1. Among the residues of region 1-26, how many are assigned to a strand (DSSP E or B) and either surrounded by 12 or more Cβ atoms within 10 Å (Cβ to Cβ) or on the phi > 0 side of the Ramachandran plot (or both)?
2. Give the residue, chosen from ARG30, ARG2, ARG18, that is in contact with a Phe, Trp or Tyr (Cβ under 6 Å, 6 or more places away or on another chain) and not small (Gly, Ala, Ser).
3. Just wondering, is there one or more residues in region 55-65 that are free of Cβ contacts under 8 Å to residues at least 60 places away in the same chain and either assigned to a strand (DSSP E or B) or within 13 Å of the chain's Cα centre (by Cα) (or both)?
Amino acid sequence: MRIITTPCPNCGLPATIRSSRKLSNKVAERYCVCVNNSCQCVFKTHTEIVKIIHQGIDPATLSEQDIKSLR
């Protein structure tokens, strides 16, 4: 499993996301903690989807045969 990090605004070292909650279909609020024990900064971010590059496949429109062929 890959751990997602974001730079700490206080010291610049990585901060890990400890929890998140969905604010809307396009925005998530995330609570982050700096990995630097000397810093220990805790902060929150808002992550927003600003553009969908590729829509992908709507699973509701796939038949059982389509799903089997994707596996």
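1. 8
2. ARG18
3. no
Rule-based calculations on the coordinates, nothing more; no lab input. Predicted model, so just to flag it, every value in this text is computed and none were measured. Glycine gets a Cβ as well: all are built from the backbone with ideal geometry, and neighbour counts include every protein chain shown.
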